[in-house]
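K.L.:
After the structure tokens below, expect a handful of questions from me.
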Amino acid sequence: MARITSVRGRLLYNSRGSKTIEIDVISDNTHLGRVCAPSGASVGKHEAVSFPDNRPEKSLEIINANEKKFVGLDPSNLKLIHDTIRTIDSTANYSKIGGSVAFALTIASIDSAAKSLRIPIFKLLSNDMELRFPFPLGNILGGGAHAGPGTPDIQEILVCATGSKTIREAIEFNLTIHKEVGKILAKKDPSFTNGRGDEGGWAPKLKNDEALETCARACEQLGFTLGKEVSLGVDFASSTQWNEKEKKYIYDRAGLENTPEEQIEFASDIIKKYKLAYAEDAVHEEAFDDMAVLAKKFPNVLITGDDLLVTNTEILKRATKVKACNAAILKVNQAGSLYDALEFAKEATKNNIKIITSHRSGESVDSHISHIGIATKSKMLKVGVVGGERIAKLNELLRISEYDLIRGMAEI
Ligand code: 2PG
Ligand code: MG
């Protein structure tokens with residue numbers, strides 16, 4: 001059995017150019033596990049904080065001061081690594097050391113352990129013989145907190161090749177559609193600068209409905225039927241629009257104000273009109289009952305909670321009680337440690353809630369989440385379509401396909 005021989009942190013930058021932390025875990029002086037923590041722009045109220053007092057430097061100090069606690073541990077013992085982190089920070093939201101440390105340290109340990117055992121990470125995380133590829137779900141056009149003024153209020157319009165039989169085809173279809181959307185935008189507005197948002201989706205000056213129309217047209221122009229070979233999805237990221245004081249969703253850019261009832265109608269119309277396979281955070285993060293209305297109305301659409309659940313097992317338990325959603329985003333850094341996130345996945349699976357493992361808008365070029373998506377039997381892997389830090393995750397899926405250990409695509 002391997003033993004951790006050193007743990008070291010360093011300050012680096014994420015894809016948005018913000019400072020973050022990377023942690024190296026070395027086992028037996030040989031096997032390097034290395035993970036750089038991502039971070040979000042549309043952050044849920046109840047998610048783990050990235051850094052204490054927003055200072056990555058403080059996280060770094062703490063990790064370096066506590067290295068000895070990890071030296072000698074078995075890097076594959078995720079629970080032990082997690083419990084050791086908890087001896088340093090027992091706060092619910094990792095406010096003392098930062099969720100980024102919990103994220104990077106636990107995944108780097110598993111990375112190191114997998115290398116020592118010469119097996120891929122997904123194999124170390126799951127003994128299941130029936131693993132499948134999650135469908136890549138990627139941002140083709142967006143706005144909201146991920147792009148500047150003039151772009152749609154809706155944060156993300158996503159595409160997923162729901163009819164594909166192979167992971168390569170699923171990736172290629174997403175790439176082709178992303179390109180086609182770019183062509184339509186350039187034709188429509190010769191002054192379009194090819195601007196893209198934080199996750200690589202196009203960021204044009206368009207209203208929500210024009211943006212959705214453009215994406216639907218791109219799919220149809222390529223000969224796809226929506227809901228068949230490919231499907232659209234939307235991350236409404238509705239907490240961004242929710243005004244607690246006025247109890248309304250305020251869409252500044254579209255000049256629209258929705259009461260909670262109107263918001264349900266607004267989302268329902270979009271789901272129906274564009275035959276969405278996927279609808280994330282269609283209402284704000286505390287509107288469990290409103291989400292439940294949508295989940296009941298659209299049993300065949302992935303009515304997904306992101307900010308609503310923040311990869312938190314206790315919140316998920318509350319949500320399942322009222323049947324608030326049928327799918328859940330899994331972002332390890334929302335939970336904190338990989339152990340926390342896998343507990344969340346267990347609870348979701350137990351309750352028939354489908355898992356969608358997801359990137360953050362501020363990412364690194366790491367690709368561990370591709371393995372986590374497979375091991376948690378995620379139906380989709382939300383990792384974007386283009387951009388180095390997004391493609392890294394998709395390319396890892398293609399490398400994984402060489403092992404011949406995965407039996408085709410997930411059943412959605
Ligand atoms: C989201 C994510 C990722 P962020 O809202 O789902 O797409 O964005 O990382 O900014 O929270
Ligand atoms: Mg989201």
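The values are calculated or read from the model by the stated rules, or taken from the named source; none is laboratory data. Since we're looking at a predicted model, the values are computed, not measured. Cβ atoms come from the backbone with ideal geometry, glycine included; neighbour counts cover every protein chain shown. Protein only, heavy atoms only, side chains kept; ligands, DNA and RNA dropped before computing areas. Shrake-Rupley method; radii C 1.70, N 1.55, O 1.52, S 1.80 Å.
K.L.:
Considering only DSSP beta bridges with both partners in the chain, what is the antiparallel share in %, to the nearest 5?
P.N.:
60 percent
K.L.:
So which aspartates and glutamates pass the test for K346, namely a Cα distance under 17 Å, with those fewer than 8 places away in the same chain ruled out?
P.N.:
In chain and number order, the partners are D128, E130, D306, E314.
K.L.:
Shifting gears a bit: Where Lys and Arg each count +1 and Asp and Glu each count -1, what net charge lies around G150 among other residues with Cβ under 9 Å from its Cβ?
P.N.:
Net of charged neighbours comes to +2.
K.L.:
Based on the alpha-carbon gyration tensor of the stretch 51-147 and its eigenvalue square roots a ≥ b ≥ c, which shape applies: rounded if a/c is under 1.5, prolate if not and a/b is larger than b/c, or oblate?
P.N.:
Note, shape of the stretch 51-147 comes out oblate.
K.L.:
Using per-residue counts of other Cβ atoms within 10 Å, averaged over each peptide, order 151-158, 253-260, 54-61 from highest down.
P.N.:
Peptide ranking by packing, descending: 151-158, 54-61, 253-260.
K.L.:
Contact order normalised by length for the stretch 206-314, with contacts defined as Cα pairs under 8 Å and 6 or more residues apart; what percent is it?
P.N.:
Relative CO of the stretch 206-314 lands at 26 percent.
K.L.:
Scan the chain and note any complete DSSP helix (H) whose C-alpha atoms cover at least 15 Å along its axis and whose Kyte-Doolittle average is 1.0 or more.
P.N.:
The answer, listed by residue number, is 99-117.
K.L.:
Calculate log10 I(q)/I(0) of the chain for q = 0.06, 0.09, 0.13, 0.14 Å⁻¹, where I(q) comes from the Debye formula with a single equal point scatterer on each Cα and nothing for solvent.
P.N.:
So the normalised log intensities work out to -0.22, -0.51, -1.08, -1.24.
K.L.:
Sort out for me the Cα centre separation of the stretch 182-196 from the stretch 211-250, rounded to whole Å.
P.N.:
First find each Cα centre; the distance between them is then 19 Å.
K.L.:
When the accessible area of the chain is computed with all protein chains present and a 1.4 Å probe, what percentage of it is carbon and sulfur?
P.N.:
Answer for the chain: carbon and sulfur cover 49 percent of the accessible area.
K.L.:
Same structure again: Name the lysines eligible as straight-distance cross-link partners of K183: C-alpha to C-alpha under 16 Å, and not fewer than 8 places from it in the same chain.
P.N.:
Reachable lysines: K205.
K.L.:
If r is the Cβ-Cβ distance from E220 to N351 and R0 is 35 Å, what FRET efficiency results, to the nearest 0.05?
P.N.:
Once rounded, the FRET efficiency stands at 0.45.
K.L.:
Follow-up. Note down the relative contact order for the chain as a percent, whole number, built from C-alpha pairs under 8 angstrom at least six residues apart.
P.N.:
Result for the chain is 20 percent.
K.L.:
Can you sort D128, D366 by solvent-accessible area, 1.4 Å probe, largest first?
P.N.:
D128, D366
K.L.:
While we're on this one: Which value, in Å², gives the accessible area per residue of the chain when a 1.4 Å probe is used on the protein heavy atoms?
P.N.:
Here the residues of the chain average 41 Å² of exposed surface.
K.L.:
Dividing the Cα radius of gyration by the Kirkwood radius, what Rg/Rh value follows for the stretch 279-320?
P.N.:
0.93
K.L.:
What dipole magnitude, in Debye to the nearest 20, does the chain give about its Cα centre under +1 on Lys/Arg Cβ and -1 on Asp/Glu Cβ?
P.N.:
About 740 debye.
K.L.:
If each of N54 and A92 carries a label point 7 Å out from its Cα toward its Cβ, how far apart are those two points in nm?
P.N.:
Roughly 2.3 nm, to one decimal.
K.L.:
How high is the FRET efficiency from K247 to D28, r the C-beta distance, R0 60 Å, rounded to 0.05?
P.N.:
0.55
K.L.:
Sticking with this one: In nm, to one decimal, how far is the E169 label point from the E130 one, both placed 7 Å along Cα→Cβ?
P.N.:
2.3 nm
K.L.:
For the stretch 1-65, what is the per residue volume of the convex hull drawn over the alpha-carbon atoms, in cubic angstrom?
P.N.:
Per-residue hull volume (Cα only) is 110 Å³.
K.L.:
Please give the Cα centre distance for the stretch 307-385 versus the stretch 107-165, rounded to the nearest Å.
P.N.:
10 Å
K.L.:
What shape does the stretch 265-389 take by its C-alpha gyration tensor, where a ≥ b ≥ c are the square roots of the eigenvalues and a/c under 1.5 counts as rounded, a/b above b/c as prolate, and the rest as oblate?
P.N.:
The shape class here is oblate.
K.L.:
How high is the relative contact order of the stretch 4-118, in percent, with contacts defined as C-alpha pairs under 8 Å that are six or more residues apart?
P.N.:
This gives 36 percent for the stretch 4-118.
K.L.:
Between K45 and E61, what is 0.36 nm times their sequence separation minus the Cα-Cα distance? Round to one decimal in nm.
P.N.:
3.2 nm
K.L.:
Let me ask something additional. Take K183, K188 and sort them by solvent-accessible surface of the protein heavy atoms, 1.4 Å probe, largest at the top.
P.N.:
Order by accessible area, largest first: K183, K188.
K.L.:
Cα convex hull of the stretch 4-118: how many Å³ per residue?
P.N.:
Cα-based convex hull of the stretch 4-118, divided per residue, equals 98 Å³.
K.L.:
Where does the Debye-calculated log10 I(q)/I(0) of the stretch 171-265 sit at q = 0.12, 0.23 Å⁻¹, using only Cα point scatterers of equal weight, no solvent?
P.N.:
Once normalised to I(0) and log-transformed, intensities are -0.48, -1.20.
K.L.:
For the stretch 186-340, report the translational diffusion coefficient in µm²/s to the nearest whole number, using Stokes-Einstein at 25 °C, 0.890 mPa s, and a Kirkwood Rh over Cα pairs.
P.N.:
My calculation gives 146 µm²/s for D.
K.L.:
Might you work out the accessible area of S231 for me, using a 1.4 Å probe with all protein chains in place, and round it to the nearest 10 Å²?
P.N.:
About 10 Å², ignoring ligands and nucleic acids.
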